[in-house]
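Encoded as structure tokens, the structure appears first; notes follow it.
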Amino acid sequence: MIREDTARPALVAQAAVVVIAALGVAAVSLSYLNDDTAWYLHMARVWLDGGRLYRDVIDTNPPLIVFLTALPVALAGWLHVPEPVTFKVCVLAAIVGSMGLSWAGLSRAWTNGWHRIVVVATLVFALVVFIGPDFGQREHVAVLLVAPYVFAACAWAAGRPLPAGLEWGTAVSAGIGFALKPYFMAGWLAVEIARVVLDRSTRSLRRPGVTGVVAIQILYVAVVVLLVPDYLQVARDAWQVYDALNASPSVMWGLVDWRFWGLACIAAAVPIPRDARRSGLVLLAAATGFLVGAMVQSKGWPYQLYPSRVFLWLFAATWLTAFVSARPVLDRAIGGARTVATVLLVALIVFSGRAFVDARGWRGSVVDTFIERVRSQPRHESLAMLSMRNIMWPAFPAVNYTGTQWVLRHHSLWFLPGMYAREFDRADGAVAPHAPDAMSALERRYFGDIVDDLCRTPPRLLVIQPPVPSLPAGGRAIDLVAYYRQDPRFARLFSGYDETGSLDTFVFFTRQRDVPCGAGAGESPVR
């Protein structure tokens, strides 16, 4: 409990937390969805409209995120509200729910009022502001679902475990969160190892929480195998080509996150009060597990590092307040945890304000202008984009904000970088497309998918990103028009398009003449 003489400052601190949350919500409301989130909204819509996942709409990731995204999509249809708006509201509601469930463990692990305020403020900032443009990304959703479980582990470590009912609640939530990506299980394993080490026994493994998380993983695997078997074929395909997007080991080991993690490990060796130390070690274990998971993914994309950064921030906040409070000299000199909380709150408000200002900058950006170009079509008719460098941005989220029809079953040409990785590594300039008879069976199949889709529903607007041979290997691309023109159907279809402008690195082609794709005499599609 907070003493009476600190009640008024604590009220001010709580108001500051509300300001941080309000600025974050304002920034979210002004920002566009990120491309991955926008794509999952599209996948969920196709599925709810009767499409078959991984056949009529294809993605390389397992389907749990689609199942979860279907909830706001269905709600949007029922309420006749735009899907991006409904999605943001649902994620914000999930943040509130996560905070509420996290409070059960958080309030037991941190009994000092000022320490608790620091942790709460850091968590609110991480969930609403720090996520930035990746709001609603799988890593964000995972942290929302997993945080209550980690705080329950902190309460256990502090000797004040949750009641069985709440323990089950956090386990179900975490089980879903950890299942979003198989790499996230490294976070769960690290937390459970920390519990065993701190208790010097395996009794913690008999908790309802462990049973719940493991049961959900088994159930999810069964659902995928039995109900979404098409994903298994896509996963096998992705396994062959997706490594081309991996960062080099030197890049992964050179991430700044490792330096901060090393500092955290050094700090963990400094004596602080037992409860704070044990809770902090649980947070550090969670950060370590998620960092290992990001390393295994081998991409180094910032959003994949988000979970480890959140728990590393929480560890730092916990350790700093406990360190200052435990030293009378520092406590008297700078005001102890109260001053630490004040400085932290001011800093978080400043960063939240900056996030709000940055969000306002979306207007007039490339994605904003791209959306206006799509809206300029008659009835926002239909769209396809062929790109090897930007993958699906900015076509997504443009599709979601304009209501245009996306005509491809794939979100992008995600498979091509892997199929041309060796050529890009060896060549200094332009790389010639593979001839149909030189394509692997996998390339030929995906080549055919794109042409089939374009012919089935010729888009009004076709956006193509041309190659830039002078770029480094990882940024180069083949000439996509020349590539797909090897199929006579595409060549015939493309003759009906005229170039109508450009934006950034994208060239726009608009269908001016309806030229059918049908094969002529002696012609056959590439298969």
Query - Counted charge near Arg456, where neighbours are those whose Cβ lies closer than 11 Å (Asp, Glu -1; Lys, Arg +1) - result: -1
**Report entry** Cα-centre dipole for the chain with unit charges at Cβ (Lys and Arg positive, Asp and Glu negative), debye to 20
**Finding:** 1540
Query raised in the report: Over the chain, what is the mean sequence separation of C-alpha contacts under 8 Å (at least six apart), divided by residue count, expressed as relative contact order in percent?
Result: 16
Query raised in the report: Given the rule -39500 (n - 2.57) for each run of at least 4 DSSP H residues, summed and divided by the residues of the chain, what is its mean residue ellipticity at 222 nm, to the nearest 500 deg cm²/dmol?
Result: -20000 deg cm²/dmol
Query raised in the report: Treating the beta-carbon of each Lys and Arg as +1 and of each Asp and Glu as -1, no other charges, what is the dipole magnitude of segment 408-502 about its Cα centre, to the nearest 20 debye?
Result: 220
Report summary line: For segment 27-360 the translational diffusion coefficient, Stokes-Einstein from a Kirkwood Rh over Cα pairs at 25 °C and viscosity 0.890 mPa s, in µm²/s, is roughly 118
**Report entry** Asp243/Glu381 FRET efficiency (R0 41 Å; Cβ-Cβ; nearest 0.05)
**Finding:** 0.65
Report summary line: One point scatterer per Cα, no solvent, Debye formula: log10 I(q)/I(0) for segment 201-334 at q = 0.14, 0.21 Å⁻¹ comes out as -0.88, -1.19
Requested in this report: Find which of Gln297, Leu283, Ala22 sits farthest along the positive direction of the dipole of the chain, computed with +1 on the beta-carbon of Lys and Arg, -1 on that of Asp and Glu, about the Cα centre.
Outcome: Leu283
Report task. Would you kindly derive the ³J(HN,Hα) couplings of segment 396-413 from the backbone phi angles with the Karplus curve 6.51 cos²θ - 1.76 cosθ + 1.60 (θ = phi - 60°), listing them in order in whole Hz, with x for Gly and Pro? Result -> 10, x, 4, 4, 6, 8, 10, x, 5, 8, 8, 8, 9, 7, 8, 7, 5, 9
Report summary line: Nearest 10, in degrees from 0 to 90: the angle of helix 35-48 to the longest Cα principal axis of the chain is 70
Query raised in the report: What's the angle, to the nearest 10 degrees (0 to 90), between helix 441-456's Cα axis and the longest principal axis of the chain?
Result: 70
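Rounded, prolate or oblate: which one fits segment 90-205, using the alpha carbon gyration tensor with axes a ≥ b ≥ c (rounded when a/c is under 1.5, else prolate when a/b beats b/c, else oblate)? Don't jump to the answer; show the numbers that get you there.
Values: a/c = 1.83, a/b = 1.24, b/c = 1.48.
The shape class here is oblate.
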Query - Rounded to 10°, Cα long-axis angle of helix 164-179 versus longest principal axis of the chain - result: 30
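Run the numbers for Ala435 and Thr457: contour at 0.36 nm per residue of separation, minus the present Cα-Cα distance, in nm.
5.4 nm
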Query raised in the report: What is the spin-label model distance, in nm, from Gln405 to Ser365 if the labels are put 7 Å beyond Cα along the C-beta direction?
Result: 3.0
Report task. Please give, to one decimal in nm, the separation of the simple spin-label points placed at Arg445 and Leu232, each 7 Å out from Cα toward the Cβ. Result -> 1.4
Query raised in the report: P(r) of segment 366-511 in 5 Å steps, Cα pairs, percent per bin?
Result: 2, 10, 19, 23, 21, 15, 8, 3, 0, 0
**Report entry** Cut-off under 5 Å, modelled amide H: who pairs with Tyr497 long-range
**Finding:** Gln512
Requested in this report: For segment 227-235, just list the computed ³J(HN,Hα) in residue order, Karplus coefficients 6.51, -1.76 and 1.60, θ = phi - 60°, integers in Hz, with x standing in for Gly and Pro.
Outcome: 10, 10, x, 4, 4, 4, 5, 4, 4
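Taken together, the values in this text are just the output of simple stated rules run on the coordinates, not laboratory data. Worth saying up front: this structure is predicted, and the values here are computed from it rather than measured. Cβ: placed from backbone, ideal geometry, glycine included. Neighbour counts: every protein chain shown.
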